[in-house]
1. Given a 1.4 angstrom probe, I'd like the percentage of the accessible area of the chain that is carbon and sulfur, rounded to a whole number.
2. Extent of the chain along each principal axis, from alpha carbon coordinates, in Å, largest to smallest?
3. Sorted by accessible area with a 1.4 angstrom probe, largest first, how do 49, 69 fall?
4. Can you sort 95, 84 by 1.4 Å-probe accessible area, starting with the largest?
5. Please calculate how many Å² of accessible area the chain carries per residue, with a 1.4 Å probe and no DNA, RNA or ligand atoms counted.
6. With contacts defined as alpha carbon pairs under 8 Å and 6 or more residues apart, what's the relative contact order of the chain in percent?
7. Under the rule that a partner needs its Cβ under 4.7 Å from the first Cβ, which Cys of the chain have none?
8. Could the peptides 21-27, 85-91, 10-16 be put in order, highest first, of the mean number of other beta-carbon atoms found within 10 Å of their residues?
Amino acid sequence: AQYKNTPKAHMKARIAAADADYSVAKEKCKAQSGNAKDVCIKEAKAVHTKAVVDAKSSQKIKEVKSDATQDKRDADYKVAIEKCDALAGPAKDGCVAEAKLKYGK
């Protein structure tokens, strides 16, 4: 990226770094089990999605801005729903309803 010094090269470098961070996070999640593992993986994916979207948005800010916001909200919504899976009955229903309200689903 420094050699080429173009916005596209910088974007690709940031995406490569995000991919590497995601791989490391997934490996760390393997040590967990059950719902904690699922939540860990969803959180790692959310962080990865945000990093990739941020990298792409630096190149095409106007085109990607609305898509980026939606992708981030979707990633956060999936994490919230995964956390709700640990609950049962009315508590789970309330958690899901709150997540839907917060993320506009």
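The values are calculated or read from the model by the stated rules, or taken from the named source; none is laboratory data. Being a predicted model, the structure only gives us computed values, none of them experimental. Cβ placement follows ideal geometry from the backbone for every residue including glycine, while neighbour counts extend to all protein chains displayed. Just so you know, the surface numbers come from the protein's heavy atoms only, side chains and all, with ligands and any DNA or RNA stripped out. Shrake-Rupley method; radii C 1.70, N 1.55, O 1.52, S 1.80 Å.
1. 54
2. Taking max minus min along each principal axis of the Cα atoms, the chain gives 56, 34, 8 Å.
3. Values: 49 35, 69 75 Å².
Sorted by accessible area, descending: 69, 49.
4. 95, 84
5. Averaged over the residues of the chain, the accessible area is 68 Å².
6. On the way: 87 pairs, mean separation 26.0, N = 105.
Rounded, it is 25 percent for the chain.
7. Here no cysteine comes out as lacking a disulfide-compatible partner, given the Cβ-Cβ threshold of under 4.7 Å.
8. Working: 21-27: 13.3, 85-91: 11.0, 10-16: 15.9.
Most protected by this proxy first, the peptides run 10-16, 21-27, 85-91.
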